[in-house]
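To keep things clear, I will list the structure first and then write my remarks on it.
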Amino acid sequence: MTSILVFVEHRDGTPRRASLEALGAAAATGLAPIALVTGPGAAQAAAPLSAAGAKKLVVITGGDHYSPDGTAADIAAAVGAHAAVAFVAAASSAGKDLLGRVAGLLDCAPLADCTTFTCSGGVFTVQRPILAGKALVTVQSQSKVCCATLRSNTFAVATGGGAAEVTTVATKGGKVKVTGVAAKGDAKLDVKEAAVVVSGGRGLREAAGFKIVEDLAAAFGNAAVGASRAVVDSHWRPHSEQVGQTGKTVAPQLYVAVGISGAIQHLAGMRTSKVIVAINKDAAAPIFKVADYGIVGDAFEVLPALTEAVKQAKAAN
Amino acid sequence: MKIIACVKRVPLTDALVKVSADGASIDPTGLVYSLSFYDDLAVEEALKTKEKLGGEVTVLTLGASDASKELRECLAKGADHATILLDPAWAARDARSTAKALATRILELGAELVFCGRVATDRDQSAVGTMLSSYLGWSCVTDVTKLELTATGGTAERETEAGIETLAFSLPAVITCDKGLNEPRLAGLKGIMAAKKKTIDETKPVDIESAVKVLKVELPAARKAGRIVGQGAAAVPALMDALRNEAKVL
Ligand SMILES: Cc1cc2nc3c(=O)[nH]c(=O)nc-3n(C[C@H](O)[C@H](O)[C@H](O)COP(=O)(O)OP(=O)(O)OC[C@H]3O[C@@H](n4cnc5c(N)ncnc54)[C@H](O)[C@@H]3O)c2cc1C
Ligand SMILES: Nc1ncnc2c1ncn2[C@@H]1O[C@H](COP(=O)(O)O)[C@@H](O)[C@H]1O
């Protein structure tokens, strides 16, 4: 059966959700997904990846450091070895880093951050946002291998797979070496991964104003804190939290914008969220144009009340 | 050291977008262009590197001749040379054919270090820099927020979902620049005057067929009209009710 290669990220053998979604999108084409995993604990990912639709598992071993160009070479080799017709990964920082490298090695055109991914009669067609989401383009891949990254929170995870056959391959190694990762404090959720994002803007007045945003995020439990560029540029929040065209693109179940005006560059990063809530004291703020629900009011008055209500709702569940 | 900054001229990020009559491209009428946000960072890092390690900076773009306006601004900031790989149909080029044309020119120029932006804010692909590195067979580090370079290699930091990653690499290399890496300088009067005298090379890029076919360009569906549930803290119960019973996200 024709196969499709999926690069899977994991933490000590637990696949990341965005990778499971990419695997689900691959399985949904009807082709046989081959999952490629690398790094410590990779072999432990066999069970969850089989369950999520992987027909085969390629475990890359060796190499005392992660090397992005090494992994790209491993992927390109696996595409060749299995005669895969496509390579997909999550549009995460690793996926984005690998896409062009692999596409270059295979001399194929890359398609980044796709929001649809289909294959019909051997031809791949995807839709992807351009110009910061202001337009959507539908393109057909005419490369021999369709190379794509897929936007997270967009594709469904597959269930009910059988046991995947596991093969082990030694890494080719690469020139660039990852020498360390300084983990974020207290295992905070990344804005791209969280089911709920509570973002704050200049309306919070100062860095300390984010206390009420952090409290609301903590009340949800599965939430991350996001920020507008204005507050990142003022050094109230780190750039890793910035949502928007020059920050991150997020598509959570619930996006709460607090004291954010809703500039086009901010909307670029969050307009595909499932539900958007805006809290702003200016009833004319453009954020209300994209919000499903809005409260016109002072964040310092509304947020503590909302945090209490969410705490109570969570306790009652 | 020969250093290149790859830059692209793209529509301003607050541009209003219209679809052309063919339904498969963006209508360029009325669009105002500037260098892509991250390409300013690439130019700045190239200039800083030249100041530290010596060498020459060339700004390179694949585009139409009207990109000379932006390239001249780069010359005014201190770039030594500027080249346009002339392609009136640049907007329709895919990342692969763009990267192949740039790679050919980079080899001709004998460069050892190439700076790109993290992403060009028109097609949002984040692919040309990494593709270049594969075609050139060079090291590549992406989305760099901190960089230490020597004449033979360097270390870099980049932000990932897991935290700050540190990387070590050797030259030649392609480096893609993320926000935080530097603060782009403004051109001074002296630079602006000097740039007027410099010539901008225009050459034809190698012709490579596109490997993607655009079927359709459309505007995203407008979000369903929302509603204001109320004013101030008193509106919280109404919001909770909507989130729980209507949106079902609680
Ligand atoms: C090339 C480029 C890229 C950009 N990229 C990004 C990006 O990635 N992300 C991004 O966010 N922006 C980006 N921007 C910036 C963007 O244009 C806006 O400047 C920015 O989003 C504004 O941030 P803000 O909403 O926090 O601030 P403001 O626009 O100042 O809005 C503050 C809001 O808070 C409200 N407010 C004030 N006090 C209160 C209160 N007590 N309670 C409730 N509400 C209150 C006000 O009514 C106002 O609506 C970019 C701009 C450019 C040119
Ligand atoms: N037409 C072009 N001319 C020169 N450099 C380009 C061009 N297209 C892309 N680049 C470079 O590649 C980076 C990433 O572009 P992209 O892959 O299109 O997001 C840009 O920030 C530029 O540095």
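The values are calculated or read from the model by the stated rules, or taken from the named source; none is laboratory data. Keep in mind that this is a model prediction, so the values were computed, not measured. Glycine gets a Cβ as well: all are built from the backbone with ideal geometry, and neighbour counts include every protein chain shown. SASA here: full protein model, heavy atoms, side chains in, ligands and nucleic acids out. Shrake-Rupley method; radii C 1.70, N 1.55, O 1.52, S 1.80 Å.
At full extension, B:L109 and B:D22 could sit 27.5 nm farther apart than now, given 0.36 nm per residue minus the alpha carbon distance. Over the protein assembly as shown, with a single point scatterer placed on each C-alpha, what log10 of the ratio I(q)/I(0) does the Debye formula yield at q = 0.06, 0.08, 0.09 1/Å? Relative scattering, expressed as log10 I(q)/I(0), comes to -0.30, -0.54, -0.68. Largest first, the residues B:R118, B:R158 sort by 1.4 Å accessible area into B:R118, B:R158.
Buried surface for the A/B pair, taken as the accessible area of each chain alone minus that of the pair with a 1.4 Å probe, is close to 6800 Å² in total. Each label was represented as a point 7 Å from its Cα along the Cα-to-Cβ direction; for A:A43 and A:D298 these points are 6.2 nm apart.
Normalised by the number of residues in region A:196-316, what is the relative contact order in percent for Cα pairs under 8 Å and 6+ residues apart?
For region A:196-316, the relative contact order is 26 percent.
Set the bar at 27 Å for Cα to Cα. Now go through A:K311/B:K224; A:K188/A:K274; A:K248/B:K204 and name every pair that lies beyond it. Violating the 27 Å limit, Cα to Cα: A:K311/B:K224; A:K248/B:K204.
In terms of its C-alpha gyration tensor, chain B comes out prolate, because a/c is 1.5 or above and the ratio a/b outweighs b/c. With Cα atoms defining each centre, region B:8-43 and region B:194-227 are spaced 7 Å apart in the structure.
Rounded, prolate or oblate: which fits region A:196-316, taking a ≥ b ≥ c as square roots of the Cα gyration tensor eigenvalues, rounded meaning a/c under 1.5, else prolate when a/b beats b/c? Rounded shape, in that the Cα axes give a/c under 1.5. Structure note, pairs B:K2/B:K213; B:K18/B:K197; A:K211/B:K146: Cα-Cα distances above 32 angstrom occur for B:K2/B:K213; B:K18/B:K197. The Cα-based radius of gyration and maximum Cα-Cα distance (Dmax) for region A:257-317 are 12.6, 38 Å. Could you please state how large a percent of the accessible area of region A:196-316 is carbon and sulfur, counting protein chains only and using a 1.4 Å probe? Heavy-atom surface of region A:196-316 belonging to carbon and sulfur, 1.4 Å probe: 53 percent. Taken over the alpha carbons of region B:1-144 as equal point scatterers, the Debye sum produces base-10 log I(q)/I(0) values at 0.13 Å⁻¹ of -0.54.
Rolling a 1.4 Å probe across the protein heavy atoms gives the protein assembly as shown an accessible surface of 39 Å² per residue. Here the contact order of region A:34-187, divided by its residue count and restricted to Cα pairs under 8 Å and six or more residues apart, works out to 36 percent.
Between A:A170 and B:A238, the modelled labels are 6.9 nm apart [label points 7 Å from Cα along Cα→Cβ].
What average count of beta carbons from other chains do you get within 10 Å of the Cβ of residues in A:238-249?
3
The Cα atoms of region A:71-152 give a gyration tensor whose axes a ≥ b ≥ c have a/c of 1.5 or more with a/b no greater than b/c, which makes the shape oblate.
Inter-chain neighbour count for A:68-78: the average number of beta-carbon atoms from partner chains within 10 Å of each residue's beta-carbon is 2.
The trypsin sites (Lys or Arg not before Pro) of region A:206-281 meeting both criteria, a DSSP state outside H, G, I, E and B (loop) and at most 16 other C-beta atoms within 10 angstrom of the site's C-beta, are A:K274. For region A:91-127, a drop of 40 Å² or more in accessible area on going from the chain alone to the assembled protein chains (1.4 Å probe) is found at A:S93, A:K96, A:D97, A:G100, A:R101, A:G104, A:D107, A:A109, A:P110. Tally up the carbon and sulfur contribution to the accessible surface of region B:2-203 as a whole percent, 1.4 Å probe, everything protein left in place. The computed percentage sits at 57. Accessible surface of region A:11-133, 1.4 Å probe: 58 percent of it comes from carbon and sulfur atoms.
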